[in-house]
Amino acid sequence: METISTADLIRCLAGFAQRVADARDELSALDAATGDADHGANLARGTIALAAMLADAGGQRPGEVLRQAGLVMVDTIGGSSGALYGTVFLRMAAAVGPQARAIAPEMLAQALQAAAQGITDRGRARPGDKTMLDAMQPAATAYAGALSQGDSLPAALRAAADAAAQGAAATAAMRARRGKSSYVGDRSIGTVDPGAASVALLFAAMAQIGAPAP
Amino acid sequence: MKKFINDPRDVVTDYLTGLEAAHPGVVRFDRDSRILLRAQPARGKVALVAGGGSGCEPLHTGFVGRGMLDAVCPGAIFTSPVPRQIIAATRAADAGAGVVHIVKNFTGEVMNFGIAQEIMAFDGIRAETVLVNDDVTVPDDDDSAGRRGLGATVLVEKIAGAAAERGDDLARVVAIARQVVARARTFSVGLTSCTTPERGRPTYVMAADEMDLGIGISGSPGRDRVPLAPARDVARMLADPVLDDLRPAPGAQLLVMLSGLGGTPESELYLLYGDVASHLRDRGFDPVRALVGNLVTSLDQQGAALTILALDDELTALWDAPVHTQALRWGM
């Protein structure tokens, strides 16, 4: 696999929807520690709508699929997760552009960095604030780093997924400075940020499309 | 979980259906857009639009009607509305004299109103934002999402609503609303958490002899967990942080709102209010207006939130002005 086609992208997003469905209660339980225990339910509402949208997306170019994914997420999830996931996909769509027939590896590097920047812009989040950014930024950085070392696209996607998972795990030790968890101060320390955990699921789904078919 | 529900996913729609059925002369529920409007739209006045996570009723849906809000976009339980709803509510409320968005300072609410405003700007529709951030729990610095919008939201909606109803222009309504925000503070105490329909069990569990200080409005944990105390001590624990932050002038006339969180009986709220009022007088203030009841809630959470507004003559007159909504009605 040298580029990401529309079919690859649809498989990736469908895989993300499946992972969110499987992890729904786990994500909500993480949210209960410092928030209102609804991240899994809210995100699942969005990814169910996303999966429905994907069924008719086969004829679209990848940028349009990403744009539609952003609009679906922002209009079905609500809360900060909806705004942020919407921003992530819309910024990726803008980076890919409407014309590209497939997403080249370098184009994806730009799209991932644009997505991380989108979280910063929309939520004023900085690295270490215990947010989605703490999974997103390490993944974008690891992906770009792997490419520049000459790694293949599947290997770079694997590196991004590993970095996202490590980034999410590292949020357990952080004190939240953005979002609802920030209201509880030091009591936010000790659990993984649910938004970072769901971003790790997105990158796990991306790595899956690069893996050899079973 | 024991609740009157059909399907957890339908609780907001089903609630709004019932609200319209009970008060057809006051509100109209637009199912397609999932927004709540006045039964008789106002003409030629500044429109007030609010919206936030459901589960905090009567906020905001109970405050739609003459003298208060024009349109409300309710989100899922404890989840802010989505841009599509916010845009629909803004378009429906716009009566030609400008629109005010009353936004509680919660990350999701701020982001979704922000995205909605960016989208509406393409069509030349503008709304003025009044950000409500009255919660003294959260330090006013960059190490958090900032002070939450809590009980002061009701006071903004009532007082700015009265200003709009008497014909004040957009700039004046916004200025009055911001004055209310600047002169109001809130602090809350939780005795339990709450049970959301989706989760089906309490968001967290506290020991029987503990309470949470500095909670918000979504059943989330508070900032400090302390031993349960007699009501007269709780009254001081609520009032002192509010007064110390607000710093009203000695002898100031105060509007005191004591809101239950949904699961505390009115008798307990009035019991607590008596202790609050007495403490306020001891500290040299004059509580001249009181509103006690379930106003800004978190489903079935037990607890209370104290909001204090430092009044002046104009704010008092606007507070006393006629209002007719599901949850507040006087003078008409």
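Things worth noting here:
- Just one of the listed residues (B:V132, B:V103, B:V156) is crowded, with 23+ Cβ neighbours inside 10 Å, free of Cβ contacts under 8 Å to residues at least 60 places away in the same chain, more than 14 Å from every other protein chain (Cβ to nearest Cβ) and in contact with a Gly (Cβ under 8 Å, 6 or more places away or on another chain), namely B:V132.
- Where strands (runs of 3 or more DSSP E) sit wholly within the stretch B:1-114, those with at least 2 residues that are touching a Ser or Thr at 6+ places or on another chain (Cβ under 7 Å) occupy B:47-54, B:71-77, B:99-104.
- Identification of strands (runs of 3 or more DSSP E) wholly contained in the stretch B:237-317 with 3 or more residues that are surrounded by fewer than 21 Cβ atoms within 10 Å (Cβ to Cβ) and touching a helix residue (DSSP H, G or I) at 6+ places or on another chain (Cβ under 7 Å) yields B:286-294.
- Scanning the stretch B:164-214 for residues that are within 14 Å of chain A (Cβ to nearest Cβ), buried (at least 19 other Cβ atoms within 10 Å of the Cβ) and among the small types (G, A, S) yields a count of 4.
- Tally of residues being within 14 Å of the chain's Cα centre (by Cα) and more than 14 Å from chain A (Cβ to nearest Cβ) across the stretch B:64-89: 4
- Residue that is nearest to B:D143 (Cα to Cα), among those in the stretch A:100-152 that are among the aliphatic types (A, V, I, L, M) and surrounded by fewer than 21 Cβ atoms within 10 Å (Cβ to Cβ): A:A114
- Within the stretch A:49-79, the set of residues being more than 11 Å from chain B (Cβ to nearest Cβ) and in a loop (DSSP other than H, G, I, E, B) comprises A:A55, A:D56, A:A57, A:G58, A:G59, A:Q60, A:R61.
- Which numbered condition A:G185 fails, given (1) in contact with a Cys (Cβ under 9 Å, 6 or more places away or on another chain); (2) without any contact (Cβ under 8 Å) to a residue 12 or more places away in the chain: (1)
- Of the residues examined, A:D31 is one that is facing chain B (nearest Cβ under 10 Å), of a type in the set (D, E) and either surrounded by fewer than 22 Cβ atoms within 10 Å (Cβ to Cβ) or under 30 Å from B:G214 (Cα atoms) (or both).
- For the stretch B:66-90, the set of residues classified as surrounded by fewer than 24 Cβ atoms within 10 Å (Cβ to Cβ) and touching a His at 6+ places or on another chain (Cβ under 6 Å) consists of B:R66 only.
- For B:M206, the conditions (1) outside the structural domain of B:V130 (by TED's automatic domain parsing); (2) in contact (Cβ under 8 Å) with a residue 40 or more places away in the chain; (3) closer than 26 Å to A:G179 by Cα; (4) out of contact with any Leu (no Cβ under 7 Å at 6 or more places or on another chain) all hold with the exception of (2).
- Candidates A:V96, A:V88, filtered to the one that is crowded, with 19+ Cβ neighbours inside 10 Å, within 18 Å of A:I209 (Cβ to Cβ), within 14 Å of chain B (Cβ to nearest Cβ) and in contact (Cβ under 8 Å) with a residue 24 or more places away in the chain: A:V88
- Of all residues in the stretch B:36-63, those satisfying the criterion of being away from every other protein chain (no Cβ under 14 Å), farther than 19 Å from B:L170 by Cα and buried (at least 24 other Cβ atoms within 10 Å of the Cβ) are B:L36, B:L59, B:H60, B:T61, B:G62, B:F63.
- Residue match in the stretch B:182-200 (condition: farther than 21 Å from B:P241 by Cα, free of Cβ contacts under 8 Å to residues at least 40 places away in the same chain and among the basic types (K, R)): yes
- Being more than 21 Å from the chain's Cα centre (by Cα) and touching a residue at least 40 places away in the same chain (Cβ under 8 Å) is true of B:A92.
- Selection from the stretch A:177-214 of residues that are within 13 Å of another protein chain (Cβ to nearest Cβ), surrounded by fewer than 24 Cβ atoms within 10 Å (Cβ to Cβ) and at pLDDT below 90: A:S182, A:G185, A:D186, A:R187
- Scan of the stretch B:112-132 for residues that are hydrophobic (A, V, I, L, M, F, W, C) and over 18 Å from the mean Cα position of the chain (by Cα), ordered by number: B:I115, B:A116, B:I119, B:M120, B:A121, B:F122, B:I125, B:A127
- The stretch A:75-125, residues that are at pLDDT below 95 and among the charged types (D, E, K, R): A:D75, A:R91, A:D121, A:R122, A:R124
The values are calculated or read from the model by the stated rules, or taken from the named source; none is laboratory data. For clarity, every value in this text was computed on a predicted model and none was experimentally measured. Methodologically, a virtual Cβ is constructed for each residue, glycine included, from the backbone with ideal geometry; neighbour enumeration extends over all protein chains shown.
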